[in-house]
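The values are calculated or read from the model by the stated rules, or taken from the named source; none is laboratory data. Being a predicted model, the structure only gives us computed values, none of them experimental. Methodologically, a virtual Cβ is constructed for each residue, glycine included, from the backbone with ideal geometry; neighbour enumeration extends over all protein chains shown.
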Amino acid sequence: MKGSRCLHQLKSLRLLSHAGRLLPPAAGDNGALFRPRSSSQLGGLQCAQREVLRHFHSSPACTKGQPARFVQEEDKTRDKSLVTHDDLFEQVAKEAKTKATFNKVIDVYTKGDIRRRGHVEFIYAALKKMPEFGVEKDLTVYNKLLDVFPKEVFVPRNFIQRMFNHYPRQQECGVQVLEQMENYGIMPNIETKVLLVQIFGEKTHPMRKYQRIMYWFPKFKHVNPFPIPEQLPEDPVDLARFSLTRMANDWDAKVTVYQLPCTDVTESGAEVTLPHIVGIQSPGQMEALAKHNPDRPVFVEGPFPLWMRKTCVYYYVLRADPTPPEEKIEEPYDPERCLSYPLQLDLDLDRDLGDDESFDVEDLDEGPVFAMCMTSQGDQATLNQWISGLQESNPILGQIPTLFRLGAGPRELQGVGDADSASRSWFPSHVQREEAHPGEEAEAVVEEAEAVVEEAEAVVEEEPRRSQVVMTLGLRSDCGGNFVDSSHRLWSFSSGVSVKKAPDEVHHHALHPCIALMQCIGKFALLTQRSPTAAIAGPGCSHTGASSRLHQMQLQWIQ
Amino acid sequence: SVSLCNTSQGCSAGFVSKVWKRDAHGYQQPLQCCDCFKDLRACFVLQAEVFPYPEIGNDELEEIKQLVAPVEKFFSDDVDSAKIDREATIPPETLQGLKDLGLFGIMIPEEYGGLGLSNTIYARLNEIIALDGSIAVTLAAHQAIGLKGILIAGNEAQKQKYLPKLASGEHIAAFCLTEPGSGSDAASIQTRATLSEDGKHYLINGSKIWISNGGMADIMTVFARTEVEVDGVKKDKISAFIVERAFGGITSGKPEDKLGIRGSNTCELSFDNVPVPVENVIGEIGGGFKIAMNILNSGRFSMGSSCAGMIKKLIELTSEYATTRKQFNKSLSEFGMIQEKFAMMALNAFVMESMAYLTSGMMDRPGIPDCSLEAAMVKVFSSEGGWICVSEALQVLGGLGYTKNYPFERFVRDCRILPIFEGTNEILRMYIALTGMQYAGKILTGKIKEMKKGNIGLAIGMVSKKLRASLGASVDLGLTGKDGVVHPSLEDSAKKLEQNVSLFGSTVESLLYRYGKTIVDEQLVLKRVADVLIHIYAMTAVLSRASRSISIGLRNHDHEVLLANTFCNDAFFKNNYWMVQLQKHSPENNDANIKKIAKQVLENRAYICSHPLERTY
């Protein structure tokens, strides 16, 4: 009830304001004229209104109010240039690309031509220019854009019009506006609905589109279990703190700032900038490190990229090779452990197959990750500082040889950049820092996934050392993440699919599950008419084990 | 009734001797081994001689009556529980009174200056002592656990040296096991005892928490880690020591501010290089684990009678109010919902009493019968029943009960400790279920292995047995009928017990088949197994007690029959429900969901639902 009442009010208001702009003030004060079309008592009043409007459409010269003067002025400026609407935007863009100027262009257009001639072209042009002006995520601008459509004209008035595609170009254009909103994740509001009803009427294509958006958007709003805030912290230390906490995925993990960024002047007068060093370690990791055999080295590896929306940060890990089986000792059962009840039964019976619900997954032991850190300067000296900081809480590090296996610092992953422009926009490499273009169709994902997988494989083969190679088949960069699971394995979790793999162990089969997953995500994207906001990855894809794990994860996620 | 008495008692004796004999280790072994099922049933219900209900001699009864009267008088006249609760301390004159009554040495043999009473009389006295939670806990910490180590495992010299003063109450004992990082986990005990260089002393270092009587104890049983050489390998093992406060180096912390039992003293104790002479080791060095376990296991049985005593008192207090308070021209006692509360309290008191005295009677039998399983069952049942009864008693008085003008709120607070101390009920349920499973598993392993190998004959036999049971074939364990041990007026209830036991036998078998030794990890399953076991034991206890009461014509035995039948009926349905839940994929079984909910909540460490007022568009 409340919704409909609100709708009603808004409709009247909109009509009023609209009319106020078009009509001389004297004609605009009659609110009773503007009843919703759906009301049963349309009758003559409604017709009268329409006639008034049409009257204005037919003879703009009759109006002697301000708008007309304004139009004349604009006409002059328009005469100077070619009348493409792009140019109109570009003219304004010379001054400043802001919301205000964008709105001004729309105002100029709406006031310029009372007949709204070429409004479809204008809207298309405006849509294209929106990102440039930084208003692509502004609902009010979209509503204002929709407002450019003349009202009531395209509303089918009889069943035949309703049956056929009434004013197809206009409807298509209306759908396109909504489509762009959707791609930027902008949820329409009640005003949008009122506008659409006024422009196209109920049960038209734009209205249907609106309804679909309103059906799916709320459903997917919280579908990402690991949301990233819209605004990431600006301060690199805060950002590192946030990213590390996110990756560690452990409530007990403690972030330590080993060094704040600062600038120092040495004795020789040279200015030295000290990088920030932020690390994270959980009690479980400390325990695992304390149990580590000091004869086996630990490695500082990195940098590994982590995408947080449009920002890429790099992290380093302290890890060890997996414990060889001969060193794994199970704690023997001590019957004198529990004072209250037997911890084990002295029975020669195992679990029945029917009740064995564990998955048979081939586990690839990747070795534990003991700690992670982020720093702005990934050289050995800086990381050494981190390790000595860690040593305070993990004295065992003093006995374990620590090897640094560092990459060349943040650098480009090749292989994806040289594809055609469409694929580049869909699969941004880590360092391009190029925002994925949202306007593309989601089908591209499915079709091109395989190609990209092959490309990425090529990248993998170029990697000479055993290290983590993260291949991002990016749909959107608003959901990246890596985290360490309970057994201290690192899981890459990025927008799209990441495969973390030692190069010598990667071969084509291992990537198949990823393709399957990509297809799944692609379908999902098609289904929802938008890019998914979360994606999945598994560690150590090795043959069948990986595929079953990925499938399992898909299922979990889709559930 | 005389003839009934003969039937019942004569036959029950025969039944027992027919089915049971004791093996050399004192464990009961079933003689009839024709069928595994029967053994299983037998092992759970008739593990000890429960029919007839244990009796005490006339002299002993007389002794009890002589003892109980002054104690009762002391508690009603000289103990001001409200004051003890308010001031969080037991006044010295009250303690002196308790000492004069000999209550500090109830179970210490007479040769060491104690009263030398049996478990049964100890349980009886506890009914009265429990009227004040603080005193009950102080006394229990002193003699049920504090000095128990010396009593059961100490050598003659230690007994001679310590027991007389403990019995008189001149010295107060405490039991020091729990540590900040260690509850039931013996492996995480950090307190360490190291042998001094001259080999005459152990030096104890470490700290213990939640020590009842910790602030005033003079003698402590302390458990500490010691290095022991086993087969040439040095190992850490737990040892028990008698530590006197006079040895020095012991500091006690501030008394804990508790919800209930506020008059009892609970505090932290820290040991700093406390020298303990080697002769103060209880038992042998490294043997502390078994001692601790025995002390804990033997201390629990009296909770049944304590709770029963408390509920009986509560019934007296509340019934007066319920019969005098009028609403709508009717007294409260005429309202069904109030009546229900009284019936429930009476039922609970009856069952607790029955279980407690059955258990204590079994413990008093010659030899050292291991009744830890039964004691645990009594503890779980009575602590939970006690909590409900106390709360319902308070409810009868409504708002009045909530105020400090009445003792009910104090009872509620005091009662809350029962499911927590002396082994939490969760841990005891594990103990009950796993002990039962271990026992059943030993008998059934062979059979289950055969079945898993695909022995068709066995499988068919099992299916037909299940079929017969589902078609309503009656189960006869010999409780009723011509040679039965249960009185005919309880026949229906006895049949229900038999049916439960039979179904339980097959349930346990299927559980072992399904989970094998991994059942240790199935806590939700084990919880139900424990609950069924507890209720089966409770049914057995009430049937045994009521049969005896009818047979010897005790006053109001018809009321006992009523209570017994009501309880058995109720327990029968509960048991059936739990056992249906224990079947695979039964719809009542929500286990998977419960685990999933808990997992998601715990992963987020919060209640994760969106607020109902939240919106997404």
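Quick grid of which residues meet (1) outside the structural domain of A:Gly378 (by the TED database); (2) touching a Leu at 6+ places or on another chain (Cβ under 8 Å); (3) in a loop (DSSP other than H, G, I, E, B):
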| site | (1), (2), (3) |
| --- | --- |
| A:Tyr215 | yes, no, no |
| A:Ile228 | yes, no, yes |
| A:Arg246 | no, no, no |
| A:Val255 | no, yes, no |
| A:Thr263 | no, yes, no |
Exercise for the section: Name, by its number, the condition in (1) in a loop (DSSP other than H, G, I, E, B); (2) within 14 Å of chain B (Cβ to nearest Cβ); (3) touching a Pro at 6+ places or on another chain (Cβ under 9 Å) that does not hold for A:Trp251. Expected result: (3)
Exercise for the section: Report yes if B:Ile90 is over 25 Å from the mean Cα position of the chain (by Cα) and not assigned by the TED database to the domain that holds B:Glu316, otherwise no. Expected result: yes
Exercise for the section: Kindly check whether there is at least one residue in the range B:228-242 that is touching a helix residue (DSSP H, G or I) at 6+ places or on another chain (Cβ under 9 Å), over 30 Å from B:Asp85 (Cα atoms) and away from chain A (no Cβ under 14 Å). Expected result: yes
Completion exercise
Scanning the range A:274-295 residue by residue, the ones that are out of contact with any helix residue (DSSP H, G or I) (no Cβ under 8 Å at 6 or more places or on another chain) and in contact (Cβ under 8 Å) with a residue 40 or more places away in the chain total 3
Problem - Pairs with Cβ under 6 Å, 6+ apart, first in the range B:516-534 and facing another protein chain (nearest Cβ under 9 Å) and in a helix (DSSP H, G or I), second among the acidic types (Asp, Glu) and surrounded by 19 or more Cβ atoms within 10 Å (Cβ to Cβ) - result: none
Completion exercise
Selection from the range B:444-458 of residues hydrophobic (A, V, I, L, M, F, W, C) and either within 14 Å of chain A (Cβ to nearest Cβ) or on the phi > 0 side of the Ramachandran plot (or both) yields B:Leu444, B:Ile448, B:Met451
Problem - Selection within the range B:288-329 - of a type in the set (D, E, K, R) and more than 15 Å from the chain's Cα centre (by Cα) - result: B:Lys290, B:Lys312, B:Lys313, B:Glu316, B:Glu320, B:Arg325, B:Lys326
Problem - All positions within the range B:434-443 that are in contact (Cβ under 8 Å) with a residue 40 or more places away in the chain and more than 7 Å from chain A (Cβ to nearest Cβ) - result: B:Thr435, B:Gly436, B:Tyr439, B:Ala440, B:Ile443
Problem - Among the candidates B:Val508, B:Val485, residue that is buried (at least 21 other Cβ atoms within 10 Å of the Cβ) and either farther than 24 Å from A:Asp348 by Cβ or of a type outside the set (A, V, I, L, M) (or both) - result: B:Val485
Completion exercise
Just one listed residue, out of A:Asn143, A:Asn103, A:Asn158, is out of contact with any helix residue (DSSP H, G or I) (no Cβ under 7 Å at 6 or more places or on another chain) and not basic (Lys, Arg), and it is A:Asn158
Practice task
Please identify the pairs in which a residue from the range B:448-459 that is in the same structural domain as B:Gly516 (by the TED database) has its Cβ atom under 6 Å from the Cβ atom of a residue that is assigned to a helix (DSSP H, G or I) and aromatic (Phe, Trp, Tyr), counting only partners at least 6 apart or on another chain.
Solution key: B:Ile448/B:Tyr513
Problem - Options A:Pro236, A:Pro218; residue that is out of contact with any Pro (no Cβ under 6 Å at 6 or more places or on another chain), within 14 Å of chain B (Cβ to nearest Cβ) and surrounded by 12 or more Cβ atoms within 10 Å (Cβ to Cβ) - result: A:Pro218
Problem - Checking B:Tyr607 against (1) in contact with a helix residue (DSSP H, G or I) (Cβ under 6 Å, 6 or more places away or on another chain); (2) away from every other protein chain (no Cβ under 13 Å), the condition it does not meet - result: (1)
Practice task
With respect to B:Lys234, determine if the residue is assigned to a strand (DSSP E or B) and free of Cβ contacts under 8 Å to residues at least 24 places away in the same chain.
Solution key: yes
Completion exercise
Residue hits (the range B:566-594; aliphatic (A, V, I, L, M) and assigned to a helix (DSSP H, G or I)) are B:Ala571, B:Met579, B:Val580, B:Ala592, B:Ile594
Practice task
Looking only at the range B:497-508, decide whether some residue is within 14 Å of chain A (Cβ to nearest Cβ), without any contact (Cβ under 8 Å) to a residue 12 or more places away in the chain and out of contact with any His (no Cβ under 7 Å at 6 or more places or on another chain).
Solution key: no
Practice task
Taking B:Leu543 as meeting all but one of (1) closer than 24 Å to B:Ile594 by Cα; (2) buried (at least 19 other Cβ atoms within 10 Å of the Cβ); (3) away from chain A (no Cβ under 14 Å), write down the number of the exception.
Solution key: (1)
